[in-house]
Amino acid sequence: MKILITEDDHKIATSIKKGFEQESWVCDLAFDGEEGYDLAFSESYDVIILDLMLPKMDGISISKSLRKGGIHTPILMLTAKGEIDDKVIGLNSGADDYLVKPFSFEELVARVRALVRRPVQTLNPKLETLNLIMDTKNQEVRQNNKLIQLSKKEYQLLEYLMKNKNRIVSKDNIISNVWDYESDILPNTVEVFVKYLRNKIGKDIIKTVRGFGYKIS
């Protein structure tokens, strides 16, 4: 899962990112509204976490502009303000949920998981293909009921491929969804991690589609 965190408080933003990375989620950070809007409009995310009060462009304006631009990524509005009017304004701008600071990290994770479930309308945390089962809640992968030990990046790559089962995904799509925006990743890095995965789960699960990318059927 890939998340955009737009928060001008560097300490809060960095803390959230570190916590999300423990969940094996990929995160991009933006510290002002213009940067956050540009990333949200140009990159693909599963959830956008958006502070209400931001320099250069506030969260309400970002949310409205994204919705007008056809971006329907779930938005969680984050703010220190807790008045009812602020919540109503935030939700009416196109936000899907609203969380008031200070908050517990566990509640933030739960809210994010709930937002991700809405578009696909499924409560099943398991992804399956052939003899492979991924439990995204417990971050476990089993093959023929045997636990497979994966690195964090191997897990994130496999999760992205399994979520796009039966679709061909290019190396560029993999890089933009499995690595964060600031990572300096070359296409052959994807090949290396695909090789690592194949060594652990078998060579037949991840197919190479010459000239296009990879596919799990």
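Structural remarks
- Residue check for Glu140: in the same structural domain as Lys203 (by TED's automatic domain parsing), modelled with pLDDT of 85 or more and surrounded by fewer than 17 Cβ atoms within 10 Å (Cβ to Cβ): yes
- For first residues located in segment 1-19 and under 19 Å from Thr136 (Cα atoms), partners that are surrounded by fewer than 21 Cβ atoms within 10 Å (Cβ to Cβ) and of a type outside the set (A, V, I, L, M, F, W, C) and lie 6+ apart or on another chain with Cβ distances below 6 Å form the pairs Met1/Asp46; Lys2/Asp46.
- Of the numbered criteria (1) modelled with pLDDT of 90 or more; (2) within 27 Å of Lys18 (Cα to Cα); (3) surrounded by 13 or more Cβ atoms within 10 Å (Cβ to Cβ), the one Leu132 fails is (2).
- Segment 4-46: number of residues that are polar (S, T, N, Q) and more than 14 Å from the chain's Cα centre (by Cα): 3
- Residue in segment 180-210 that is farthest from the chain's Cα centre (by Cα), counting only those that are of a type in the set (S, T, N, Q) and exposed (fewer than 11 other Cβ atoms within 10 Å of the Cβ): Asn199
- Any chance Ile175 is surrounded by fewer than 18 Cβ atoms within 10 Å (Cβ to Cβ) and either aromatic (Phe, Trp, Tyr) or at pLDDT 85 or above (or both): yes
- Pairs where the first residue, in segment 71-97, is farther than 17 Å from Val109 by Cα and the second is modelled with pLDDT of 70 or more and in a loop (DSSP other than H, G, I, E, B), C-beta under 6 Å, 6+ apart: Ala80/Lys101
The values are calculated or read from the model by the stated rules, or taken from the named source; none is laboratory data. The structure presented is a predicted model; accordingly, all values stated were derived computationally and were not measured. Reconstructed Cβ throughout: ideal geometry from the backbone, glycine too, with neighbour counts over all protein chains shown.
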